[in-house]
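Novice: Have a look at this one.
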């Protein structure tokens, strides 16, 4: 699941205590590590996913790109925090295109913010087992102000936010890329950070439950 973007990028993991950078080279069908780095952040630069001191984060990102002489200025980031809402909902069976059109109406009853304040995305999980004419959908809403803060910091550092994802789904994407899911198998993905732990329970390669623990 991506809030937006898709292209060749440098990965940035922006946490509360540090910024981590990774750049890969794809040679034939294999990925090879090109650069990896970390820059510590001063205390309270980011709180609960919200940027408090953008200038400190901007400088840390600049330092990483300059130190490792990274030429690619397109970055992939992920976000979490209280301004991000993830809900498992049930809707009538429909195509992805149809759901995209009806999503704003479906989302109103689940999102505690004005829909004008958020970006919406979704992932179809599949038909309900007990209701053949309905399906399960993972609904995601992220406040535009939060997205804009991260995008602006990157822009000020000379970097484009080419991909913006949600932490738990970035974790899921990494798992699915590296491991072929066994039919019927369930995996619990856990990312323990300095101030938040991301949990994603995945079955057959599809997210079933997510939680951020602060």
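The values are calculated or read from the model by the stated rules, or taken from the named source; none is laboratory data. Nothing here was measured: the structure is a model prediction, and the numbers come from that model. Ideal geometry is used to build each Cβ from the backbone, glycine not excepted, and the neighbour counts take in all protein chains shown.
Novice: Filter the stretch 33-61 for residues that are in contact with a helix residue (DSSP H, G or I) (Cβ under 8 Å, 6 or more places away or on another chain), modelled with pLDDT of 95 or more and part of a loop (DSSP other than H, G, I, E, B); which is surrounded by the most Cβ atoms within 10 Å (Cβ to Cβ)?
Specialist: Among those residues, the one meeting the criterion is 45.
Novice: Let me ask another. What's the number of the condition residue 183 fails, among (1) in contact with a strand residue (DSSP E or B) (Cβ under 7 Å, 6 or more places away or on another chain); (2) within 27 Å of residue 205 (Cα to Cα)?
Specialist: If we test residue 183 against (1) in contact with a strand residue (DSSP E or B) (Cβ under 7 Å, 6 or more places away or on another chain); (2) within 27 Å of residue 205 (Cα to Cα), just (1) comes out false.
Novice: Next question, about the same structure. Go through the stretch 186-202 and count every residue that is more than 15 Å from the chain's Cα centre (by Cα) and modelled with pLDDT under 90.
Specialist: 2
Novice: Please work out which one of (1) at positive phi; (2) in contact with a helix residue (DSSP H, G or I) (Cβ under 6 Å, 6 or more places away or on another chain) is the condition residue 126 fails and give its number.
Specialist: (2)
Novice: Say whether the condition of being crowded, with 20+ Cβ neighbours inside 10 Å and touching a strand residue (DSSP E or B) at 6+ places or on another chain (Cβ under 7 Å) is met by at least one residue in the stretch 187-198.
Specialist: yes
Novice: Quick check: anything in the stretch 163-174 out of contact with any helix residue (DSSP H, G or I) (no Cβ under 8 Å at 6 or more places or on another chain), within 21 Å of residue 17 (Cα to Cα), in the same structural domain as residue 71 (by TED's automatic domain parsing) and loosely packed, with under 15 Cβ neighbours inside 10 Å?
Specialist: no
Novice: With the requirement that a residue be touching a strand residue (DSSP E or B) at 6+ places or on another chain (Cβ under 6 Å) and outside any loop (DSSP other than H, G, I, E, B), what does the stretch 15-32 give you?
Specialist: Selection gives 18, 19, 20, 21, 22, 23, 24, 25, 31, 32.
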